[in-house]
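Student: A single structure is presented below for examination.
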Amino acid sequence: MNDALRRSAAHVFIDQIDGGELLEDSHVLERGDTADECVFDRMAGFVGGVDDSWREVPYDTGRAVLNMLMSGTLARFQDITWIFSHSGGTVPILAERVKALGGNIPRMKQAAPRGIDHELKRLYYETANGAWRPNLAALLGYVPVSQVMFGTDYPYVTVGANLEGLRAYGLSGADLNAIQYENAARVIPAMRL
């Protein structure tokens, strides 16, 4: 482990671990799991023994949106109605961070000349495996209900589980109806009953 490891009493700050060492294999943890131990992990690395594809699953939607944003794809294709799964994944949670960091990157101004919020808030987000309270709170804190559509990750997450999550969130009847049907029918007229 490099000199980025700093100890103060029983507290540990990890900036990075060298040589591919995994945090859980690190000698930092050898003292055991005690109440007086505090570890602050700032990008120490991945957990070992986890399939690479599983590491990606929770981030895939956010990564796709960010790639399209930074490549200028969203700005170039303003007439396309984009719909992204998983309540936007990390998008609503990281949008302000991306905006703050992106303000310092000249390429971002070229990729999103109308602004990052303009590009991300015009997208539609569906609730497949993202109809849980924290996901919905982040999403609906970033975009209006008009940008949210019902979705499922069936067979991985059932239609019922997605509906239950939406209902448990406490949306008004009008907002629930908009998410379950009206927004999709507006965007995809062929879906109108």
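Student: For the range 129-193, with all protein chains present and a 1.4 Å probe, just round the carbon and sulfur fraction of the accessible area to a whole percent.
Tutor: Working: 2100 of 3600 Å².
Taking all protein chains in place, the range 129-193 shows 58 percent carbon and sulfur surface.
Student: Sequence-distant or interchain residues sharing an amide H contact under 5 Å with TYR125, placed H: which?
Tutor: When sequence neighbours closer than 5 places are left aside, the close amide H contacts are PHE84, VAL148, MET149.
Student: Residues of the range 66-165: accessible area per residue at 1.4 Å, in Å²? Don't skip to the answer; put the middle values down first.
Tutor: Values: 5150 Å² over 100 residues.
Value for the range 66-165: 52 Å² per residue.
Student: Near ASN162, within a Cβ-to-Cβ distance under 14 Å, what is the net charge of the other residues, with Lys and Arg +1 and Asp and Glu -1? Could the numbers behind the result be given before it?
Tutor: On the way: positive: ARG133, ARG167; negative: GLU126, ASP153, GLU164.
That works out to -1.
Student: What shape does the range 39-193 have by the C-alpha gyration tensor, where a ≥ b ≥ c are the square roots of the eigenvalues, rounded means a/c under 1.5, and otherwise prolate means a/b greater than b/c and oblate the rest?
Tutor: In terms of gyration-tensor shape, oblate.
Student: Ok, one more. Starting from the 7 Å offset along Cα-to-Cβ, what nm value, one decimal, do you get for the label separation of ALA190 and VAL57?
Tutor: 3.0
Student: Just the Kirkwood number for the range 115-193, please: inverse of mean 1/r across all distinct Cα pairs, in Å, one decimal.
Tutor: Working: mean 1/r = 0.0779 Å⁻¹.
Hydrodynamic radius (Kirkwood, Cα only) of the range 115-193 equals 12.8 Å.
The values are calculated or read from the model by the stated rules, or taken from the named source; none is laboratory data. The model shown is predicted, which means the values in this text are computed figures rather than measured ones. Heads up, the Cβs are rebuilt from the backbone with ideal geometry, glycines too, and the neighbour counts pull from every protein chain shown. Side chains included, ligands, DNA and RNA excluded: accessible areas come from the protein's heavy atoms. Shrake-Rupley method; radii C 1.70, N 1.55, O 1.52, S 1.80 Å.
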